[in-house]
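To start, the structure itself, in structure tokens.
The values are calculated or read from the model by the stated rules, or taken from the named source; none is laboratory data. Note that the structure is predicted; figures quoted are calculated from it, not measured. Glycine also receives a Cβ, built like all others from the backbone with ideal geometry; neighbour counts cover every protein chain displayed. For accessibility, only protein heavy atoms count, side chains too; no ligands or nucleic acids. Shrake-Rupley method; radii C 1.70, N 1.55, O 1.52, S 1.80 Å.
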Amino acid sequence: MTKLQIGLLFGGCSGEHEVSIVSARAINAALNAERNTDKYEILPFYIQKNGVWQGNEIANQILVSGQALEKPNATNINTKSSLWEFPPQASEVDVWFPVLHGPNGEDGTIQGLLTLMQVPFVGSGVLGSAVGMDKIAMKTAFAQAGLPQVKYMTLTRSQIWSNPCVFPKLCDEIENYLNYPCFVKPANLGSSVGIAKVRSRQELETALDNAASYDRRVIVEAGVVAREVECAVLGNDNPKVSAIGEISFESDFYDYETKYTQGKADLSIPAALPDTISNQIREMAIKAFATVDASGLARVDFFYVESTGEVLINEINTFPGFTDTSMYPRLWGYSGIPFPELVDKLIELALERHKTPEIEALIN
Ligand SMILES: Nc1ncnc2c1ncn2[C@@H]1O[C@H](COP(=O)(O)OP(=O)(O)O)[C@@H](O)[C@H]1O
Ligand SMILES: [Mg+2]
């Protein structure tokens, strides 16, 4: 049997570059597990922080060392960042497996490139990735679908920065509509980068200024006191949904440090929830998946306000953390799909999604 060549694409120009390497190591190991070795051959590709693509040799070294390439070395590294200098092995790939988190990877950009290449790839397409990544577009779509969420307001960098007369009025409006505490977030990041919980006018002003330095668009949300629960979705048009997991931590909110420092957050699977709430969460997750037009996989995150019994959707992640200890693969492990089978299914789903009548007609 000829093996499918899987283009494992990782690294990337985002704050989650290092996490991508850890996810890629775990996925690479799972693709090389005994049940998959007859089916797949892995061709790794590494995208440096500056956007330069590296082929199999260097990508393999990074998978082994787990260390990002910080300083390109002129002797063995292609330092040109032009996209027409792809590593030559890229043309051998049958299915791409982009393992990229955050901007320039989970947001439709890579998906656009892979769509142009006309080679199947794992995960959501351009639309699902872009809508899932942008908190303003995502919340607008969720609102339209009738998914309950916290109250929010949106602002642009120019509103925040360029008009000293308008800015205090905007802050007044935020205070009146959302109250304190509220959360200020850049529309398009991830891993809690640039997010602040604010409790006063002064903190609000600082947080807006900071968020505007990360993104042209900013969202401010009413803060809720709630449990944070997540579930995993797997599939294309008729996706399956996993058990529900809960994240708990001591810090003020689930910030960057809490997310990435060992021992600062606990994952409980399954979350201790009444059945009615678990079922509601699962239904909402499937609706959210379809609403943004996700495919393959997504993790959908919720706030469960225990005091009122309300479930509010927080966000969808179209390429969630995928390390051995990450919520997404652990939820499936608990729900009966071990890691090696999970990556196999994702490739099958990529092939299924890309087998459209349009492509078939072109080929035949
Ligand atoms: N409206 C909110 N109310 C309460 N906590 C929030 C709210 N928004 C965000 N948080 C806290 O901040 C964390 C990160 O916010 P989130 O929108 O999920 O950003 P990211 O996409 O970076 O994960 C959440 O997991 C939660 O702990
Ligand atoms: Mg989050």
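Annotations for the structure displayed:
- Evaluating ASN314 against the criteria (1) crowded, with 19+ Cβ neighbours inside 10 Å; (2) within 16 Å of SER124 (Cβ to Cβ); (3) not hydrophobic (A, V, I, L, M, F, W, C) leaves one unmet condition, (2).
- Of the strands (runs of 3 or more DSSP E) lying entirely inside segment 190-239, those containing at least 2 residues that are open to solvent by less than 70 Å² (accessible area, probe 1.4 Å) and acidic (Asp, Glu) are 227-235.
- Residue within segment 170-180 that is charged (D, E, K, R), touching a helix residue (DSSP H, G or I) at 6+ places or on another chain (Cβ under 6 Å), more than 26 Å from LYS259 (Cα to Cα) and more than 15 Å from ligand 2 (Cβ to nearest atom) present: no
- Test: residue in segment 291-301 that is within 16 Å of ligand 2 (Cβ to nearest atom) and either among the polar types (S, T, N, Q) or in a loop (DSSP other than H, G, I, E, B) (or both): yes
- Condition broken by GLN202, with the remaining ones in (1) at pLDDT 95 or above; (2) under 27 Å from ILE174 (Cα atoms); (3) within 16 Å of ligand 1 (Cβ to nearest atom) satisfied: (3)
- LYS169 passes every criterion in (1) within 12 Å of ligand 1 (Cβ to nearest atom); (2) basic (Lys, Arg); (3) exposed (fewer than 13 other Cβ atoms within 10 Å of the Cβ) apart from (1).
- Within segment 168-201, tally of residues that are of a type in the set (Lys, Arg) and in contact (Cβ under 8 Å) with a residue 60 or more places away in the chain: 0
- Filtered residues of segment 265-307 (kept if of a type in the set (Phe, Trp, Tyr) and open to solvent by less than 10 Å² (accessible area, probe 1.4 Å)): PHE289, PHE302
- Every pair of residues 6+ apart whose Cβ atoms lie under 6 Å, when the first sits in segment 213-235 and is under 15 Å from TYR180 (Cα atoms) while the second is within 14 Å of ligand 2 (Cβ to nearest atom) and charged (D, E, K, R): ILE219/LYS135; ILE219/LYS185
- Some residue of segment 133-143 being part of a helix (DSSP H, G or I) and touching a Leu at 6+ places or on another chain (Cβ under 7 Å): no
- Test set (1) in a helix (DSSP H, G or I); (2) crowded, with 18+ Cβ neighbours inside 10 Å - GLY102 fails condition number: (1)
- Conditions (1) at pLDDT below 95; (2) in contact with a Gly (Cβ under 9 Å, 6 or more places away or on another chain); (3) more than 15 Å from VAL122 (Cβ to Cβ); number of the one not met by ASP293: (1)
- Any hit, segment 304-323, residues being away from ligand 1 (no atom under 13 Å from the Cβ) and in contact with a Cys (Cβ under 6 Å, 6 or more places away or on another chain): no
- When the test is whether a residue is within 15 Å of ligand 1 (Cβ to nearest atom) and of a type in the set (A, V, I, L, M, F, W, C), ILE174 passes it.
- Residue in segment 10-30 that is part of a strand (DSSP E or B) and either in contact with a strand residue (DSSP E or B) (Cβ under 6 Å, 6 or more places away or on another chain) or in contact (Cβ under 8 Å) with a residue 40 or more places away in the chain (or both) present: yes
- VAL184 meets each of the listed conditions (1) surrounded by fewer than 19 Cβ atoms within 10 Å (Cβ to Cβ); (2) in a strand (DSSP E or B); (3) within 16 Å of ligand 2 (Cβ to nearest atom) apart from (1).
- Single residue of ILE174, ILE160 found to be touching a strand residue (DSSP E or B) at 6+ places or on another chain (Cβ under 7 Å) and modelled with pLDDT under 95: ILE160
- Complete set of residues in segment 12-45 that are modelled with pLDDT of 95 or more, open to solvent by less than 20 Å² (accessible area, probe 1.4 Å) and in contact with a helix residue (DSSP H, G or I) (Cβ under 8 Å, 6 or more places away or on another chain): ILE21, ALA24, ALA26, ILE27, ALA30, LEU31, ASN36, TYR40, LEU43, PRO44, PHE45
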